[in-house]
1. To the nearest 20 debye, what charge dipole does region 57-111 have about its Cα centre, counting +1 at the Cβ of each Lys and Arg and -1 at the Cβ of each Asp and Glu?
2. Collect residues whose amide H, placed 1.01 Å from N in the peptide plane, falls under 5 Å from the amide H of V140; neighbours closer than 5 in sequence don't count.
3. Read phi for every residue in region 25-38 and hand back ³J(HN,Hα) as whole Hz from Karplus 6.51 cos²θ - 1.76 cosθ + 1.60, θ = phi - 60°, with x for Gly and Pro.
4. Read phi for every residue in region 126-134 and hand back ³J(HN,Hα) as whole Hz from Karplus 6.51 cos²θ - 1.76 cosθ + 1.60, θ = phi - 60°, with x for Gly and Pro.
Amino acid sequence: MDNILCPVDFSPYSLNALEFAANILQVRKGNLTLMHVFSEKEFSNAIESEKDAHSFTDMKDYAQHKLRVLADETERNFEVNCDYVITVGDVNESINKYTAKNDIDYVVMGTQGNGYNKETVIGSRTIRTVDTSNVPVMTVPIQAQFNGFNSVVYASDYSKHDRVTLQ
């Protein structure tokens, strides 16, 4: 049984990764946890750019509501167990802390977030997550669609950690 963490920022890229993770769990069985990481810096930027009068708590509550609806829809549409968590902090640190404290087998995340750049193959947050994660990270490009398992590719630099994983 797999336990998957799927970071969600509600962008098309993260929602595609969520669909991919849910499809995997239809085959592999397990639990899916959606995580939204909300930083105080993002809040400050939102206030400055939109002149929004909402408080940080209101914005967190709104994100939590969206996560709850998304988790319920995922359970209903894919018939998988899905819960959610909202955190405040750095994306990479939040993912690492959560995977270390909870029995997460791997992370499934989109390769682009809200900061899409046509010149970028993989977003900077995704790269940092892959580099620092204590569990495997599956990156899902926006154009990827789940078609079952035909083969698996594992990229490695043959580090000590990778040798253990490959065994």
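1. Values: 6 positive and 11 negative charges, 27 e Å.
My answer is approximately 120 debye.
2. Sorted by chain and number, the residues that satisfy this are M109, G110, T111.
3. Per-residue couplings from phi come out as 6, 5, 8, 8, 6, x, 10, 10, 10, 8, 10, 10, 9, 10 Hz.
4. After applying 6.51 cos²θ - 1.76 cosθ + 1.60, I find 5, 4, 4, 5, 4, 5, 10, 5, 8 Hz.
Computed from the coordinates by the stated procedures, all read-outs in this text should not be read as laboratory data. This one's a predicted model, so the numbers in the text were calculated from it and none came from an experiment. Note that we place each Cβ from the backbone using ideal geometry, even for glycine, and neighbour counts take in every protein chain shown.
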